[in-house]
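Colleague: The structure's right below; bear with me while I get my questions together.
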Amino acid sequence: MANTSLMGTGSLTIDLAAMADNWRALDNMSACETGAVVKADSYGTGIGRAARRLAQTGARKFFVAVAQEAGDIRQALGPDPEIYILSGHMSGDTDMIADLNLIPLLSSIDQMLRHFEALPGAPFGIQLDTGMNRLGMEAGEWEAVRALVVAQGPRLIMSHLACADEPEHPMNAQQLAAFVQMTDGIDAPRSLAATGGILLGPEYHFDVTRPGIGLYGGLPFVDAKPVVSLALPIIQVRDVLEGESVGYGNTWIAQRDSQIATVSSGYADGILRVMGPKTKLYANARPVPIAGRISMDSIGVDVTGVSELPNALDLLGRYQDVEALAQNAGTIGYEILTSLGARYTRRYTG
Ligand SMILES: *Cc1c(COP(=O)(O)O)cnc(C)c1O
């Protein structure tokens with residue numbers, strides 16, 4: 001027997017006041033300038049609204065992964081804030097870099113030559129590799145071009161820490177020493193710390209910090225205020241008899257006569273399939289376990305015995321945070337946030 005209610009998409013609520021508080025809290029931990037990393041649609045929170053709020057709060061330097069991400073922020077913020085591209089100057093991006101006045105963080109001699117030839121005199125920054133071996137010039141390359149680059153007046157010289165979320169890891173001090181050695185005496189602003197680096201202490205701060213995850217409520221910033229909550233509307237509630245199954249593969253079998261609520265949203269919306277067995281939703285304050293496999297667009301939830309069923313069940317909110325879901329899925333908060341899909345209705349508060 002099925003009792004049908006209204007269809008709907010999951011509803012993602014983004015607390016912009018909490019995001020602003022997180023930026024201020026991170027800013028207060030250093031004496032230098034605090035930027036804002038808004039790549040991947042501001043970690044799933046919506047780049048236009050997030051960037052505007054962070055700019056109102058005081059951020060002047062914004063970082064995106066690729067040039068394609070910069071259009072929405074330039075439109076939201078106008079011409080003044082600096083927008084840095086972490087992937088540097090790729091060959092197809094020249095027009096966009098020029099038109100939107102973006103600052104590529106050049107990570108190789110090839111990129112450097114491309115930028116200087118295509119857009120002479122245009123702003124740029126430099127990305128150095130201090131041991132992560134992901135992006136950036138290595139010490140030898142850098143030595144060869146350092147004088148030439150410095151003469152062109154880079155807006156920023158940066159590197160990135162591989163283990164900043166583990167304060168005791170010896171890699172942090174090694175990368176710090178390498179960065180100092182590669183950049184000492186250079187008259188240009190320097191940046192080494194993302195969220196984890198800010199927490200490591202002042203010697204990691206230099207002139208500009210680049211927090212991302214901490215703004216959006218994730219670890220390693222333990223004092224971050226939660227920013228994202230997610231409610232999934234109940235599409236249908238049905239009675240399931242003892243011995244009947246729920247969902248693909250019949251993995252869940254009712255041990256007693258049960259009530260199953262089917263909520264809208266599934267793994268296509270970033271609710272990773274692997275988190276199913278350990279994850280509960282919340283009917284107001286009451287935890288209700290997922291029943292069976294998470295489908296692409298829907299999830300069965302065992303709501304047996306819940307007397308007043310709300311219209312929607314909470315996956316992220318007061319009773320369950322991003323890190324809890326990350327743990328259930330064997331991943332990190334970054335992946336939970338950036339997996340949040342495009343089908344949600346987004347609501348901004350604060
Ligand atoms: C993603 C990224 C950041 C932000 O890192 P968080 O850990 O989210 O604070 C900073 N710098 C670079 C180079 C990045 O790739």
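Colleague: Looking at R53, R60, R49, R74 in this structure, which one is within 16 Å of G217 (Cβ to Cβ) and surrounded by fewer than 22 Cβ atoms within 10 Å (Cβ to Cβ)?
Modeller: Numbers: R53 fails: surrounded by fewer than 22 Cβ atoms within 10 Å (Cβ to Cβ); R60 fails: within 16 Å of G217 (Cβ to Cβ); R74 fails: within 16 Å of G217 (Cβ to Cβ).
On inspection, the qualifying residue turns out to be R49.
Colleague: Ok, one more. Is segment 231-243 home to any residue that is in the same structural domain as R318 (by TED's automatic domain parsing) and under 17 Å from L325 (Cα atoms)? Lay out the reasoning, then the answer.
Modeller: If we filter segment 231-243 for residues that are in the same structural domain as R318 (by TED's automatic domain parsing), which is where we start, we get 231-243.
Within this subset, residues satisfying the condition of being under 17 Å from L325 (Cα atoms) are 231-232.
Among the residues of segment 231-243, at least one is in the same structural domain as R318 (by TED's automatic domain parsing) and under 17 Å from L325 (Cα atoms), which makes the answer yes.
Colleague: Starting from residues that are among the β-branched types (V, I, T) and in a helix (DSSP H, G or I), keep the ones in segment 327-350 and report whichever is surrounded by the most Cβ atoms within 10 Å (Cβ to Cβ).
Modeller: Start the filter on segment 327-350 by keeping residues that are among the β-branched types (V, I, T), which leaves 331-332, 336, 338, 345, 349.
Keeping just the survivors that are in a helix (DSSP H, G or I) gives 336, 338.
Working: I336: 28, T338: 17.
For segment 327-350, the residue satisfying everything is I336.
Colleague: Among the residues of segment 230-257, which ones are surrounded by fewer than 20 Cβ atoms within 10 Å (Cβ to Cβ) and among the small types (G, A, S)?
Modeller: Matches in segment 230-257: G243, S245, G247, G249, A254.
Colleague: Additional query: Please identify the pairs in which a residue from segment 137-156 that is on the phi > 0 side of the Ramachandran plot has its Cβ atom under 9 Å from the Cβ atom of a residue that is hydroxyl-bearing (S, T, Y) and part of a helix (DSSP H, G or I), counting only partners at least 6 apart or on another chain.
Modeller: none
For (1) basic (K, R); (2) in contact with a Phe, Trp or Tyr (Cβ under 9 Å, 6 or more places away or on another chain); (3) more than 25 Å from S11 (Cβ to Cβ); (4) free of Cβ contacts under 8 Å to residues at least 12 places away in the same chain, each residue gets a yes or a no:
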position	(1), (2), (3), (4)
P189	no, yes, yes, no
G197	no, yes, yes, no
E203	no, no, yes, no
V237	no, no, no, no
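Colleague: Separate question: Do the conditions hold for G212, that is, is it closer than 22 Å to I126 by Cα, among the small types (G, A, S) and surrounded by fewer than 24 Cβ atoms within 10 Å (Cβ to Cβ)? Let's see the steps before the verdict.
Modeller: On the way: closer than 22 Å to I126 by Cα: yes; among the small types (G, A, S): yes; surrounded by fewer than 24 Cβ atoms within 10 Å (Cβ to Cβ): yes.
Answer is yes for this residue.
Colleague: Kindly indicate the residue of segment 67-89 that is touching a helix residue (DSSP H, G or I) at 6+ places or on another chain (Cβ under 8 Å) and assigned to a loop (DSSP other than H, G, I, E, B) and also nearest to F116 (Cα to Cα) among those meeting that condition. So that I can check it myself, show each step before the final result.
Modeller: Taking segment 67-89 first, the residues touching a helix residue (DSSP H, G or I) at 6+ places or on another chain (Cβ under 8 Å) are 67-73, 75-77, 81, 83, 85-89.
In the following step, the residues that additionally are assigned to a loop (DSSP other than H, G, I, E, B) were identified as 81, 86-89.
On the way: P81: 22, L86: 17, S87: 16, G88: 13, H89: 10 Å.
It comes out as H89.
Colleague: Kindly establish whether I14 is of a type outside the set (G, A, S), assigned to a strand (DSSP E or B) and in contact (Cβ under 8 Å) with a residue 24 or more places away in the chain. Full working, then the answer.
Modeller: Values: of a type outside the set (G, A, S): yes; assigned to a strand (DSSP E or B): yes; in contact (Cβ under 8 Å) with a residue 24 or more places away in the chain: yes.
In short, yes.
Okay, residues lined up against (1) within 16 Å of the ligand (Cβ to nearest atom); (2) farther than 23 Å from A285 by Cβ; (3) among the aromatic types (F, W, Y):
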{"position": "G317", "(1), (2), (3)": "no, no, no"}
{"position": "Q320", "(1), (2), (3)": "no, no, no"}
{"position": "G330", "(1), (2), (3)": "no, yes, no"}
{"position": "E335", "(1), (2), (3)": "yes, yes, no"}
{"position": "G341", "(1), (2), (3)": "no, yes, no"}
{"position": "R347", "(1), (2), (3)": "no, no, no"}
{"position": "G350", "(1), (2), (3)": "no, no, no"}
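Colleague: From the list V145, V149, which residue is closer than 29 Å to P202 by Cβ, more than 16 Å from the ligand (Cβ to nearest atom), modelled with pLDDT of 95 or more and part of a helix (DSSP H, G or I)?
Modeller: Of V145, V149, the one residue that is closer than 29 Å to P202 by Cβ, more than 16 Å from the ligand (Cβ to nearest atom), modelled with pLDDT of 95 or more and part of a helix (DSSP H, G or I) is V149.
Colleague: Further question: Just give me the residues in segment 310-326 being crowded, with 17+ Cβ neighbours inside 10 Å and farther than 28 Å from P220 by Cα, in sequence order.
Modeller: Residue satisfying the conditions is A312 alone.
Colleague: Moving on. When you scan segment 107-141, how many residues do you find that are out of contact with any strand residue (DSSP E or B) (no Cβ under 6 Å at 6 or more places or on another chain) and aromatic (F, W, Y)?
Modeller: Looking only at that region, the number is 1.
Colleague: Those residues that are closer than 25 Å to L86 by Cβ, among the aliphatic types (A, V, I, L, M) and touching an Asp or Glu at 6+ places or on another chain (Cβ under 8 Å), I need them from segment 212-231; list them, please.
Modeller: Selection gives L219, V227, V228.
Colleague: Among the residues of segment 166-186, are any β-branched (V, I, T), part of a helix (DSSP H, G or I) and in contact with a helix residue (DSSP H, G or I) (Cβ under 6 Å, 6 or more places away or on another chain)?
Modeller: Looking only at segment 166-186, we keep the residues that are β-branched (V, I, T), and these are 180, 183, 186.
Next, from what is left, pick out any that are part of a helix (DSSP H, G or I): 180, 183.
So of that shortlist, the ones also in contact with a helix residue (DSSP H, G or I) (Cβ under 6 Å, 6 or more places away or on another chain) come out as none.
No, there is no match, as no residue in segment 166-186 is β-branched (V, I, T), part of a helix (DSSP H, G or I) and in contact with a helix residue (DSSP H, G or I) (Cβ under 6 Å, 6 or more places away or on another chain).
Colleague: Restricting to segment 187-216, count the residues that are more than 11 Å from the ligand (Cβ to nearest atom) and modelled with pLDDT of 95 or more.
Modeller: Here is the first cut: in segment 187-216, the ones more than 11 Å from the ligand (Cβ to nearest atom) are 187-190, 200-207.
Still in the running and modelled with pLDDT of 95 or more: 188-190, 200-207.
Count: 11.
Colleague: Let me ask you something else. Under the condition of being farther than 22 Å from E244 by Cβ and small (G, A, S), which residue from segment 285-327 is modelled with the lowest pLDDT?
Modeller: That would be S307.
Colleague: So, one more: Any chance segment 251-270 includes a residue that's closer than 30 Å to M132 by Cα and within 20 Å of the chain's Cα centre (by Cα)?
Modeller: Step one: filter segment 251-270 for residues closer than 30 Å to M132 by Cα, giving 270.
Filter once more, so that each one left must be within 20 Å of the chain's Cα centre (by Cα): 270.
Looking through segment 251-270, at least one residue is closer than 30 Å to M132 by Cα and within 20 Å of the chain's Cα centre (by Cα).
Colleague: Restricting attention to segment 124-136, report how many residues are touching a residue at least 24 places away in the same chain (Cβ under 8 Å) and in a loop (DSSP other than H, G, I, E, B). Walk me through it before giving the result.
Modeller: Of all residues in segment 124-136, those touching a residue at least 24 places away in the same chain (Cβ under 8 Å) come to 124-132, 134-136.
Applying the additional criterion that residues be in a loop (DSSP other than H, G, I, E, B) yields 124, 129-132, 134-136.
Of the residues in segment 124-136, 8 are touching a residue at least 24 places away in the same chain (Cβ under 8 Å) and in a loop (DSSP other than H, G, I, E, B).
Colleague: Moving to a separate point now. From the list G121, G92, exactly one residue is in a helix (DSSP H, G or I), without any contact (Cβ under 8 Å) to a residue 40 or more places away in the chain and either within 14 Å of the ligand (Cβ to nearest atom) or surrounded by fewer than 22 Cβ atoms within 10 Å (Cβ to Cβ) (or both). Which is it? Steps first, answer last, please.
Modeller: Numbers: G121 fails: in a helix (DSSP H, G or I).
Sole residue among the options that is in a helix (DSSP H, G or I), without any contact (Cβ under 8 Å) to a residue 40 or more places away in the chain and either within 14 Å of the ligand (Cβ to nearest atom) or surrounded by fewer than 22 Cβ atoms within 10 Å (Cβ to Cβ) (or both): G92.
The values are calculated or read from the model by the stated rules, or taken from the named source; none is laboratory data. Note that the coordinates shown come from a computational prediction; the quantities given were computed from them, not determined experimentally. Here the Cβ is made from the backbone with ideal geometry for all residues, glycine too, and neighbour counts use every protein chain on show.
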